[in-house]
Amino acid sequence: MNFYGIWAIYSFELARLRRTMLQSIASPVISTSLYFVVFGAAIGSRMAEIDGVSYGAFIIPGLIMLMLLNESISNASFGIYMPKFTGTIYEVLSAPVSPAEIVIGYVGAAATKSVILGLLILLTARLFVPYEIQHPIWMLGFLILTAITFSLFGFIIGIWADGFEKLQIIPLMIVTPLAFLGGSFYSITMLPPFWQTVTLFNPVVYLISGFRWSFYGVADVHIGVSVGMTLVFLLICLSLVWLVFKTGYRLKP
């Protein structure tokens, strides 16, 4: 294992976070804080509790997960796309660094940035809405697992994309709608039976449900199912990354 190679990629990607602090940190924190102000402090106080949890506190896990999914994909996809765009990816591929080490460097940096941002938003939420975390270890584990999984997904998108506009297609047109319809602002038990069944085909439901359970001990699906579905998606992403490097898809001229 070439730890120097991993660290070089990892530290280079984290350096980009410091150079773009306003865009990478301030913008997501401020935009998510607006949700807390509007839906938590203003509207939330006038809405009934859901499963014994105030509405303002109930939406915190969903909002953090919504941000985490988009930021993980964005960080990882942009991180690998830029070397492709500038042509420096060939220097990385010709260096004495294995595909696994390349993935660890890029995905690790993207996941680290997403976890840091998630924790900052969690702290910011305390300014607007009181909440509790019943299972902090599970919460942190879900945060890290989701960040790694969707950073891998973003890495695949970055390799697949052949233009800047394609970097935004899947996050904006697929991931964000799935997050909004996956119980970010409501419990799926509030839906009619037919739509509850349909919603269970949305993979983001299991991420939000499991993450919410770590906060309040309530979930739309069993915690074991949530963890299992997350691990399945992780394995799918790992398989696709292995296939990309094995075939050289959009990496080799």
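Computed quantities for the displayed model
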{"item": "Peptides ranked, highest mean first, by Cβ atoms within 10 Å: ranges 27-36, 207-216", "result": "207-216, 27-36"}
{"item": "The chain, helix-only ellipticity at 222 nm - DSSP H runs n ≥ 4, -39,500 (n - 2.57), divided by all residues, nearest 500", "result": "-22000 deg cm²/dmol"}
{"item": "Carbon and sulfur %, accessible surface of the chain computed with the full protein complex present, 1.4 Å", "result": "73"}
{"item": "The range 214-228 - phi-based ³J(HN,Hα) in whole Hz, Karplus 6.51/-1.76/1.60, Gly and Pro as x", "result": "5, 7, 10, x, 10, 8, 7, 10, 4, 4, x, 5, 4, 5, x"}
{"item": "Whole-number D in µm² s⁻¹ for the range 3-88, Kirkwood Cα-pair radius fed into Stokes-Einstein, 20 °C, 1.002 mPa s", "result": "139"}
{"item": "Label-point separation, His222 to Val38 (7 Å along Cα→Cβ), nm", "result": "3.8"}
{"item": "Nonlocal amide H pairs with Ile50, under 5 Å, H built at 1.01 Å", "result": "Tyr55"}
{"item": "Average accessible area per residue (Å²) across the range 109-208 - probe 1.4 Å, nucleic acids and ligands excluded", "result": "47"}
{"item": "Residue-normalised accessible area of the range 18-96, expressed per residue, 1.4 Å probe, Å²", "result": "47"}
{"item": "Volume in Å³ per residue [convex hull over Cα atoms, computed for the range 191-247]", "result": "80"}
{"item": "Backbone HN-Hα couplings from phi across the range 138-151 [Karplus 6.51/-1.76/1.60, Hz, Gly and Pro as x]", "result": "5, 4, 5, x, 5, 4, 5, 4, 5, 4, 5, 4, 7, 5"}
{"item": "Relative compactness, the range 86-165, computed as alpha-carbon Rg over 2.2 N^0.38 Å", "result": "1.44"}
{"item": "Spacing of the two label points (7 Å from each Cα toward its C-beta) at Thr197 and Asp51, in nm", "result": "2.2"}
{"item": "Distance between the range 146-161 and the range 1-52 - C-alpha centres, whole angstrom", "result": "17"}
{"item": "Surface/4 of the Cα convex hull for the range 148-253, nm²", "result": "7.7"}
{"item": "Percentage relative contact order, the chain, counting C-alpha pairs under 8 Å, at least six apart", "result": "26"}
{"item": "Pairs of alpha carbons in the chain whose separation is greater than 23 Å (percent)", "result": "51"}
{"item": "Low-density loop cleavage sites - GluC sites (Glu not before Pro) in the range 74-172, where at most 14 other Cβ are within 10 Å (DSSP)", "result": "Glu132"}
{"item": "Phi to ³J(HN,Hα) by Karplus 6.51 cos²θ - 1.76 cosθ + 1.60 over the range 159-165, Hz, x for Gly, Pro", "result": "6, 5, 5, 10, x, 4, 5"}
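The values are calculated or read from the model by the stated rules, or taken from the named source; none is laboratory data. Fair warning: this is a prediction, and the values are worked out from it, not measured in the lab. Reconstructed Cβ throughout: ideal geometry from the backbone, glycine too, with neighbour counts over all protein chains shown. Remember, those area values only see protein heavy atoms, side chains included, never the ligands or the DNA or RNA. Shrake-Rupley method; radii C 1.70, N 1.55, O 1.52, S 1.80 Å.
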